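What follows draws every value from the coordinates through simple rules; no lab data is involved. In this text, all values refer to a predicted model and were calculated from it rather than measured experimentally. Quick reminder, even Gly has a Cβ in these numbers, built from the backbone with ideal geometry, and neighbours come from all protein chains shown.
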Amino acid sequence: MSVRTSSKPTEQPTSLPTRWQTLVLITRMVPYTPIILQPATHIKIHSFDLCGPAIQAFPSFLAETNYQDLASNNKTPFQKAFNTELTCFQWLPQQPELFRSMQHVMSTLQSSDWITGLDILEQEARAVPSCPPQPSERSFFVDVGGGYGHQCTQLLKQHPNLHGRLVLQDLPQALDHLPPIDGVKAMAQDFFEKQANEGMS
């Protein structure tokens, strides 16, 4: 994707997209690839409107707290940046554009590297029969906070015999925008709350 191409949707000056493209590449927010046009807007929103303010608040937050270790997830630079007492994942679902962009960025950072080298996962996955799962059968894999299901999709692509044995969990606000994924059960779950799938995986 060229800088000139990425400037067209919002008629930005050419120098601005150059800068944000450099940022997302050097911070490895996206792999170096010529095809990142589709998620470009979401990457900009996530980088500058969500991560940016928290990063900028970090130095003054540290000074105000005498450089102490964080003791609570609702007393961080995030709360200072966005003037809230809510935790990040309590606050984000109330901001539809930011929440949607975060989910798109998570899906953009697709990589099957997390599967590579996990020998025990490969062994267990190959041992699963190809027949449909039994009603009482435990889930093979539960992706907690799995966004739009990219990791479940990758695992299922590599091991089709896991069809019907994978569970995707995320907040209702994420799942509401998710089309059905064949072979993957979607379940609303706040990972700060008691696990609804406990004992079944």
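Listing for the model above:
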read-out	value
Nearby aspartates and glutamates by direct alpha-carbon distance to K80 (threshold 13 angstrom, same-chain neighbours under 8 apart not counted)	E64
Rounded Å value of the spacing that divides the Cα centres of region 84-99 and region 172-187	20 Å
For S136, S101, order by how many other beta-carbon atoms lie within 10 Å, fewest first	S136, S101
Which listed pairs, of K157/K185; K75/K194; K157/K194, have C-alpha distances above 26 Å, in listed order	K157/K194
In nm, spacing of pseudo-spin labels at L62 and E124 (7 Å Cα→C-beta vector)	3.8 nm
Ordering of 66-74, 52-60 by packing [mean C-beta count within 10 Å, highest first]	52-60, 66-74
Per-peptide average of other Cβ atoms within 10 Å, ordering 145-157, 179-191 highest first	145-157, 179-191
Net lengthening on full extension, Q158/Q95 (0.36 nm per residue, minus Cα-Cα)	19.2 nm
Positive-end residue of C88, H177, G146, charge dipole of region 55-201 with Cβ unit charges	H177
